[in-house]
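A short write-up of the structure that comes next.
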Amino acid sequence: MNTVSVADVGHLRSQLRVTSRNAEQAFELAFDLQQSGAPSERVDAAMAQVTRLQESVRSLRERLGEQAGALH
């Protein structure tokens, strides 16, 4: 039985857009912190956030691919 719906795929796409945007903003913040000479702990924390968000984006893309494939 196919339990994947178009709404599920739409929700994943929405999450992907938001998470991608957040990753871009986090990267810009990390870059700005580094360029302004912020303490390395702040830059490292910002980069760790970028890494977490990028991993979430990767995971969402995988799930989106799996669920979109299940609709066909």
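Things to note:
- Compared with the dominant Cα axis of the chain, that is its longest principal axis, helix 40-71 is turned about 10°.
- Prolate/oblate/rounded label for the chain (Cα gyration tensor, a/c 1.5): prolate
- Apportionment of accessible area to carbon and sulfur, the chain, percent (1.4 Å): 52
- Dipole orientation for the chain: of the candidates A38, N22, S59, S59 has the Cα lying most toward the positive pole (charges on Cβ; Lys, Arg +1; Asp, Glu -1).
- Over the chain, accessible surface divided per residue gives 72 Å², non-protein components excluded, 1.4 Å probe.
- The long axis of helix 6-35 is offset from the longest Cα principal axis of the chain by roughly 10 degrees.
The values are calculated or read from the model by the stated rules, or taken from the named source; none is laboratory data. Here the structure is a predicted model, which is why all the values come from computation and not from measurement. Every residue, glycine as well, gets a Cβ built from its backbone with ideal geometry; the counts of neighbours run over all protein chains shown. For the accessible areas, the whole protein counts, side chains as well, though only heavy atoms, and no ligand, DNA or RNA atoms are used. Shrake-Rupley method; radii C 1.70, N 1.55, O 1.52, S 1.80 Å.
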